[in-house]
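Heads up: the structure comes next, in structure tokens.
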Amino acid sequence: MTNEAAKTRREARLRTPSDLGENAIKDLSGALTALLADVYALYLKSKNYHWHMSGPHFRDYHLLLDEQADQIFAIADPIAERVRKLGGTTLRSIGHIARLQRIKDNDADYVTPLDMLAELREDNRDLARSMRETHGLCDEHGDVATASLLEVWIDEAERRAWFLFEATQFGDAPGR
Ligand SMILES: [Fe+2]
């Protein structure tokens, strides 16, 4: 058997049967895997800020970011398994995440509490936007199962952005 034939045979073992076309599987797997990379990046950033929070609102913000990180982490496995159910393949490693993530890391030594919340608010808003774009792709290919999962996750991302937005209103303003 040639190397090429062996590779094709190995890949066939991961080709879960699906009635969606080859293009649909490729498009949806790609979009969902990029989303998954963003989910891991945002999970770790929320934990980073949970761990490195400081200041007079420490307890509130520390707990808020832990709740949000848990909610983000909870959608990672269902996203990856959707890709496998569709017959595609998904993330393999931290390096793979780093190559695909669109949400930026922040490795700064110190970030002010309000900057942390504002940055996460934008990141969650961006995540909701990417999910909506992926939802559009699902509609194009008739993948109602992924679309219905995304609808719940978009609502959750918007709720996180709302909480982060409100928590930064009047924050650290003079007189407070
Ligand atoms: Fe913790």
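Observations, loosely collected:
- From the list Ser130, Ser148, the one residue that fits, being of a type in the set (Gly, Ala, Ser), under 15 Å from Asp38 (Cβ atoms) and at pLDDT 95 or above, is Ser130.
- Across the stretch 29-68, the number of residues qualifying as within 13 Å of the ligand (Cβ to nearest atom), part of a helix (DSSP H, G or I) and buried (at least 21 other Cβ atoms within 10 Å of the Cβ) comes to 6.
- For first residues located in the stretch 45-59 and of a type in the set (Gly, Ala, Ser), partners that are part of a helix (DSSP H, G or I) and lie 6+ apart or on another chain with Cβ distances below 7 Å form the pairs Ser46/Leu65; Ser46/Gln68; Ser46/Ala69; Ser46/Ile72; Ser46/Leu120; Ser54/Pro113; Gly55/Pro113.
- For the stretch 80-101, the criterion of being within 16 Å of the ligand (Cβ to nearest atom) and either part of a helix (DSSP H, G or I) or in contact with a Lys or Arg (Cβ under 7 Å, 6 or more places away or on another chain) (or both) is satisfied by no residue at all.
- Residue check, Thr8 more than 16 Å from the ligand (Cβ to nearest atom), surrounded by fewer than 21 Cβ atoms within 10 Å (Cβ to Cβ) and either of a type in the set (Phe, Trp, Tyr) or part of a helix (DSSP H, G or I) (or both): yes
The values are calculated or read from the model by the stated rules, or taken from the named source; none is laboratory data. This structure is a prediction, so every number in the text was calculated from the model and none was measured. Neighbour counts are summed over all protein chains in view; Cβ atoms, including those assigned to glycine, are modelled from backbone coordinates with ideal geometry.
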